[in-house]
Amino acid sequence: MRARRWSVAAGALGLALVASGCGGGGDGGGDRVEVFSWWTGGGEEAGLNALIERFEDENPDIEFVNAAVAGGSGTNAQAVLEGRLQSQDPPDSFQGHAGAELQDYIEAGYLSPLDDFFEEQGLHDALPDQLVEQITYDGSVYSVPVNIHRSNVMWYSPAVLEEAGIEAPPQTPEELVEALETVAEETDAIPMAVGAQWTVDHLLESVLLGSLGTDAYNALWEPGADWDTPEVAAALATFDRIMEHTQEESAAEDWQEAARRVADGEAAFNIMGDWAAGYFDELGAVPGEDYDWAASPGTEGTYMWLSDSFTLPVGAPNEEAALTWLELVGSREGQDIFNPLKGSIPAREDADPANYADSPYLESALAEWQSGPELAGSFWHGVTVGNRWKNDVDTAVGLYLGDGDVEALQDALVTAARAE
């Protein structure tokens, strides 16, 4: 393990000395590292295993403990993690979505700042400035992004659009509404496929971004943001018109079923994150034939991003080994090992495009990321708001799904923002 010219803050180190005596399973000798995540299946597990293999090859004297917890798309893991952190039994590093999702951990004193690590590893130069800005909290960064996913992707069925006489995918929210109406009139397909409630939250953020623009969308999630405006009302009215063209049985389905409907020609459109591309590959669907994609209407040139990242908890029993792990996940080599298997692109701007050429979607996504698009943070996937605000939005959306009252939806979103 290489010597380091930096360390965590003195206060965090003091807590680490206290906590190391009461949990974590480490002996303080740096001969093991326990990494906690919810990556237990599919491409995410394959990517993690590839990173573990490289870590073990480069650090044969460090035992790697894979503490992944399955189930609930991360909710099960987060519940287990919270219990461990509260009992001062942290893993050496844990996975979390970069951005505001980590805010509760930071405010509780569970995470060590990584400012010196970022300087040492040159991450301020390797990562886009906007990305670093959006993961900074009170002047410090607390996690190392390993990848980028894009939330604002519209998947569509070329066959359904052809049947409906739609020559090109819609470019604006207004064009999307018109296309949905045309699909409903000219075909038997579902115009817009959605799944469980969270997929409607996901749709909402793309409609807000496409209707308001990048700067105004980002401003919605700032303290004191005003949601009681005509512009927000118009965006929500568009959202309401889109929701009129979704299928009734959606609540019983998750995102995979909504995406499958597009690939099978049962639905015209689905707005879902780019992890759907990996799912289409699993189905054996052919890009350009069974499905195609475009930026969500109104969002061309903007990347609504989310990122998996890894942290350094206060009291990590094997801090040096944890930092060695963070070096790997933050490196160009590590990100180019992980992301082609995960079905995501690197957070770094210096990735080798040749590693992504086998996937038409990833190749195009990486080219756009490296072109320097405008960035907007996904609220649903933890970038822009903490759990309380996110849950308040989800509650408001749930009530809207029950009563269809778009004015009440705006009132609830206004209340949620003012509570911050």
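The values are calculated or read from the model by the stated rules, or taken from the named source; none is laboratory data. Model, not experiment: these values are computed from the prediction. Quick reminder, even Gly has a Cβ in these numbers, built from the backbone with ideal geometry, and neighbours come from all protein chains shown. Each accessible area value is taken on the protein alone, full model and side chains, heavy atoms only, with ligands, DNA and RNA left out. Shrake-Rupley method; radii C 1.70, N 1.55, O 1.52, S 1.80 Å.
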- Which FRET efficiency, nearest 0.05, do residue 138 and residue 31 yield, Cβ-Cβ r, R0 30 Å? 0.30
- Task: Give the angle, between 0 and 90 degrees and rounded to the nearest 10, that separates the Cα long axis of helix 230-243 from the longest principal axis of the Cα atoms of the chain.
- Result: 80
- Task: Quote to one decimal, in nm, the extra length available between residue 175 and residue 411 on full extension: 0.36 nm per residue of separation minus the C-alpha distance between them.
- Result: 82.3 nm
- Item | Helix 360-370 vs. the chain, principal-axis angle (Cα, 0 to 90°, nearest 10) | 70
- Item | Relative intensity, log₁₀ I(q)/I(0), of segment 295-420 from a Debye sum that treats every alpha carbon as a point, q = 0.15, 0.16, 0.17, 0.22 Å⁻¹ | -0.90, -0.96, -1.00, -1.21
- Take the Cβ-Cβ distance between residue 89 and residue 216 as r, set R0 to 30 Å, and report the resulting FRET efficiency rounded to the nearest 0.05. 0.10
- Message: Can you give me the angle between helix 42-58 and the longest principal axis of the chain, using Cα atoms only, in degrees from 0 to 90, rounded to the nearest 10?
- Response: 20
- Using a Gaussian network model of the chain with C-alpha springs under 10 Å, which one of 138, 254, 358 is most mobile by mean-square fluctuation? 138
- Which whole-number value in Å² is the accessible area per residue of segment 283-376, probe 1.4 Å? 31
- log10 I(q)/I(0) for the chain, Debye formula on C-alpha points only (no solvent), q = 0.09, 0.12, 0.14 Å⁻¹, two decimals, reads -0.56, -0.97, -1.27
- Protein accessible area in the chain, 1.4 Å probe - carbon and sulfur %: 45
- Of 220, 139, 176, which is farthest along the charge dipole of the chain in the positive direction, counting Lys and Arg as +1 and Asp and Glu as -1 at C-beta? 139
- Note on the structure: residue 301 neighbourhood, Cβ < 13 Å, K/R = +1, D/E = -1, net charge -3
- What percentages, rounded to whole numbers, describe P(r) for segment 180-279 computed over all alpha carbon pairs with 5 Å bin width beginning at zero? 2, 13, 21, 21, 17, 13, 8, 3, 1, 0
- Message: Charges at C-beta only: +1 for Lys and Arg, -1 for Asp and Glu. How large is the resulting dipole of the chain about its Cα centre, in Debye rounded to 20?
- Response: 1340
- Task: Take every Cα pair under 8 Å in the chain that's 6+ residues apart, average their separations, divide by the length, and report that relative contact order as a whole percent.
- Result: 28
- Kindly provide log₁₀ I(q)/I(0) values, in the same order as q = 0.12, 0.16, 0.24 Å⁻¹, from the Debye equation applied to equal alpha-carbon scatterers of segment 236-297. -0.31, -0.54, -1.11
- Task: Note the per residue figure in Å³ for the convex hull of the C-alpha positions in segment 101-187.
- Result: 160
- Task: Grab the other residues whose beta carbon is less than 12 angstrom from that of residue 239, score K and R as +1, D and E as -1, and report the net.
- Result: -3
- Message: Between residue 240 and residue 357, how high is the FRET efficiency from 1/(1 + (r/R0)^6) when r is the Cβ-Cβ distance and R₀ = 35 Å? Nearest 0.05.
- Response: 0.25
- Message: Can you give the longest run of the chain that contains no trypsin sites (Lys or Arg not before Pro) sitting in a DSSP loop with at most 10 other Cβ atoms inside 10 Å?
- Response: 6-420
- How much length, in nm to one decimal, is gained on full extension between residue 198 and residue 58, taken as 0.36 nm per residue of separation minus their Cα-Cα distance? 46.4 nm
- Count charges around residue 351 for me, please; just the other residues with Cβ under 12 Å from its Cβ, Lys/Arg as +1, Asp/Glu as -1. -4
- Message: Highest mean first, how do 227-238, 175-186 rank when packing is the count of other Cβ atoms within 10 Å averaged over residues?
- Response: 175-186, 227-238
